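Presented below is the structure to which this report refers.
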Amino acid sequence: MSIAPIDSMTSLNSDLFYDILRRLDGPALASLACTCAAFCSISKEESLWENVCASVWPSTKREDVKSLISSIGGFRKFYADCFPLIVNKEVGEYQWNNHLEYPDDWTEAEYYGDTNEFESITPSDFVSIVDIRFKDKPICSKVLSGIPNANDNGGWFYNCPFRIDLLTYADRDDNNAGEVTLSVSNGLPPITSMERERKDGKLWHELRDGLLLSWILVNKKIKQAANLASWSPLDGQRHWPTDKDFVIRFGSVLPAKDILPSQVVQCILAMKFRVVHIEEEGFETTLKLTELSMQLEDMEGAHVNGKNSLHILKEALSCRRSKNYSEVIESCHMYSKVQNELKEEKMRSESRLDTLCILSGIAAFMTFWYYVL
């Protein structure tokens, strides 16, 4: 069987071009678009990027999400904004000495922000698009419009610690929104007893290594989006707060310049699973997702209030991003390192102060008895 030679790329049918490109993932499609004018032209087709986004984020298959993405610039822009992860290299330049003066150096007006500027940011502008994978298979997709319990006219939300509990509020009207579980059929190892799990940690390691999280935040007003998650877990806790709970944390380091004294904050995305069945109970090992939340914390571990959180999240949508995953993880680890150094220095300062108080007390006691006697 002879194969006719191809004189040039232009001799190929555009439908054949399209069929080739639709089989590629996002990075390969973007790279191929740079090879020639023909591929570049066809790669701008929105349907190609819609397929790519659907393969990465199953939640983008929803009609309401499709409409949202189209309104902020299309699937190609959405992928370019959300596939790279947020990276913050300013963490290494952070000086904890300046932060130790907080909050004395800031007035109440400076801490809570400019009211007029805040009027342009409302909780209803934001949409959360969340996808969870285990061993590269989607297990959960959630969409949350707005921020729960937020009052656009002000109130307790703006002054209280910011927190989004996704499982409590997302998809209330979605008939398919049920419990999210993982079992042996999903790839979990069978566990005969929790006592054995505490010793070998097999279930914990399998869970931590297999989970991937994407938490995309979209601002409808400014038409921007960003992925606030780290894809893979940053850290976690076994058997906390109960013996059958596993907490896994994802997140990113967000800029807070001119918003908070620390200049940077950590976006913490916490996922908690609880063991509901083990093999000795006559059922296959099963875990249930009981928490999926977002919080912002400053360098001292204090929760950021709702007003400042909205400012920070808005700025995060336009901050620097990178496709280099190791660079992203490095910035998160750098944040933890600086935060630990701050805590250690604070403990040393408190220890020195305690020692000074004790010595002052002893000196005062000895002086008193010296004059008495």
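The values are calculated or read from the model by the stated rules, or taken from the named source; none is laboratory data. These figures come from a predicted structure and were not determined experimentally. Note that each Cβ is placed from the backbone with ideal geometry, even for glycine, and that neighbours are counted across all protein chains shown. Areas reflect the complete protein model, heavy atoms only, side chains present, ligands, DNA and RNA absent. Shrake-Rupley method; radii C 1.70, N 1.55, O 1.52, S 1.80 Å.
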Unit charges on C-beta of K, R, D, E only; dipole of the range 14-83, Debye
100
A chain fully extended from R274 to S41 at 0.36 nm per residue, minus the present Cα-Cα distance, gains in nm 79.0 nm
Roughly what % of Cα-Cα distances in the range 54-94 sit above 11 Å, to the whole percent?
70
Could you tell me the calculated FRET efficiency between S31 and E327, based on Cβ-Cβ distance and R0 = 22 angstrom, to the nearest 0.05?
0.70
For L188, residues with placed amide H under 5 Å, excluding near neighbours:
S183
Would you mind computing, in nm to one decimal, how far apart the modelled labels at E63 and T290 are, each placed 7 Å from Cα along Cα→Cβ?
3.7
With labels modelled as points extended 7 Å from the Cα through the Cβ direction, what inter-label distance (nm, one decimal) is found for E195 paired with I20?
6.3
Could you compute the FRET efficiency for F283 and K343, with r as their C-beta to C-beta distance and R0 at 41 Å, rounded to 0.05?
0.45
Send over a whole-number figure in Å² for the accessible area per residue of the range 14-83, probe 1.4 Å.
49
Pulled fully out, how much extra length does the chain show between A54 and V184, if you take 0.36 nm times their separation in residues and subtract their Cα-Cα distance?
44.2 nm
Give, in nm to one decimal, the length gained when the segment between I358 and W240 is fully stretched (0.36 nm per residue of separation minus the Cα-Cα distance).
38.7 nm
Using a 1.4 Å probe and counting only protein heavy atoms, arrange F368, F273 so the residue with the most accessible area comes first.
F368, F273
The farthest towards the positive end of the charge dipole of the range 236-302, of the residues V253, M271, G282, given +1 on Cβ of Lys and Arg and -1 on Cβ of Asp and Glu, is V253
Please work out how much accessible surface C160 shows to a 1.4 Å probe, ignoring ligands, DNA and RNA, in Å² rounded to 10.
50
Where q = 0.13, 0.21, 0.25 Å⁻¹, what log10 of I(q)/I(0) comes from the Debye formula for the range 14-83, counting one point per Cα?
-0.34, -0.84, -1.11
Let me know the charge dipole size of the range 269-345 about its Cα centre in debye, to the nearest 20, where only the beta-carbon of Lys, Arg (+1) and Asp, Glu (-1) is charged.
540
Out-of-range pairs (alpha-carbon distance over 26 Å; input K314/K343; K142/K223; K135/K244; K244/K307):
K314/K343; K244/K307
Fraction of accessible area attributable to carbon and sulfur, the range 14-83 (%, probe 1.4 Å)
56
Inter-part distance where the range 299-373 and the range 225-258 are each reduced to a Cα centre, Å
20
